[in-house]
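This report concerns only the one structure given below.
The values are calculated or read from the model by the stated rules, or taken from the named source; none is laboratory data. Because the structure is predicted, anything quoted here is derived from the model rather than measured. Cβ placement follows ideal geometry from the backbone for every residue including glycine, while neighbour counts extend to all protein chains displayed.
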Amino acid sequence: MDDTIPTAEFGDSVITHEDKEMSRSFALLVCSVTLWAYTAYSDSVFAQGVKGFFHSIKVDAVRNACWPDAFVPADRTNARLPFVIMVHNGWKRQNLIADHYFAEDGKTLTDAGKRQVQWIVTQAPLSHRAIYVKEGEDATITEARVKAVGEVASKYLGPEQKPDIRVTNISPPGWPAELVDTVERAYLKTMPDPRLPARSSNSEAQVELSN
């Protein structure tokens, strides 16, 4: 019996039976590793899916138990929001440095404007001390207004504090001066005398009561 191991020749290389066995073993190893990795990945995905399913059940149970408390804060915030906006707009107009607080050149603050700036930075509530400056006809005037307001406000603030100055385009509500003057003069003309009526006798008082 011939014990020679069969070989195959391809060009200059020779493939033996041992090479074939090694190649087969390597292929089986690669297949095993691939199958193990796929199985582990599938188990991981399945486990995550199961975990997520039970987590969603827990979340839904907690939400149902605390309903509607979890949604009350958001509803209260939405209910108060219009009032917060109205308060903000009210202080915005209260702290507005409009055209009538500047001199004829539109850049220099008048005495009334300086007093208004002083009141804002010293007397207004701390959360409402922003100064709103009415923008001018052009960028140069607006910049000059902001600078003038900042200089006055800095006199009443600490060295490390900076005034909160914001430019706005809103106009202050008001009436024409002529209309205000007419109404005030008409009111003064029709104002009764500041005197108490004369004391009446008992008979006159009884007649008034009977009528």
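Remark: pairs (first residue in region 126-140, touching a residue at least 12 places away in the same chain (Cβ under 8 Å) and surrounded by fewer than 18 Cβ atoms within 10 Å (Cβ to Cβ); second residue hydrophobic (A, V, I, L, M, F, W, C) and assigned to a strand (DSSP E or B); Cβ separation under 8 Å; 6+ apart in sequence or on different chains) = Ala130/Ile165; Glu135/Val167. If you go through region 110-125 and keep only what is closer than 22 Å to Trp175 by Cα and surrounded by 15 or more Cβ atoms within 10 Å (Cβ to Cβ), you end up with Gly113, Gln116. Filtered by the rule that a residue be at pLDDT 85 or above, surrounded by fewer than 10 Cβ atoms within 10 Å (Cβ to Cβ) and among the hydroxyl-bearing types (Ser, Thr, Tyr), region 159-211 gives Tyr187, Thr190. Considering only region 156-174, state which residues are part of a loop (DSSP other than H, G, I, E, B) and either farther than 24 Å from Lys114 by Cβ or under 27 Å from the mean Cα position of the chain (by Cα) (or both). Leu157, Glu160, Gln161, Lys162, Pro163, Asp164, Asn169, Ile170, Ser171, Pro172, Pro173, listed by residue number.
Scan Ala148, Ala144 and give me the residue that is touching a Leu at 6+ places or on another chain (Cβ under 6 Å), assigned to a helix (DSSP H, G or I) and small (Gly, Ala, Ser). Spell out how you get there, then give the answer.
Working: Ala144 fails: touching a Leu at 6+ places or on another chain (Cβ under 6 Å).
So the residue among Ala148, Ala144 that is touching a Leu at 6+ places or on another chain (Cβ under 6 Å), assigned to a helix (DSSP H, G or I) and small (Gly, Ala, Ser) is Ala148.
In this entry, Gly113 is excluded by the filter for residues that are small (Gly, Ala, Ser), farther than 20 Å from Ser154 by Cβ and at pLDDT 75 or above. Is it true that some residue in region 34-44 is more than 60 Å from the chain's Cα centre (by Cα), at pLDDT 65 or above, farther than 30 Å from Thr168 by Cα and surrounded by 10 or more Cβ atoms within 10 Å (Cβ to Cβ)? The answer is no; no qualifying residue exists.
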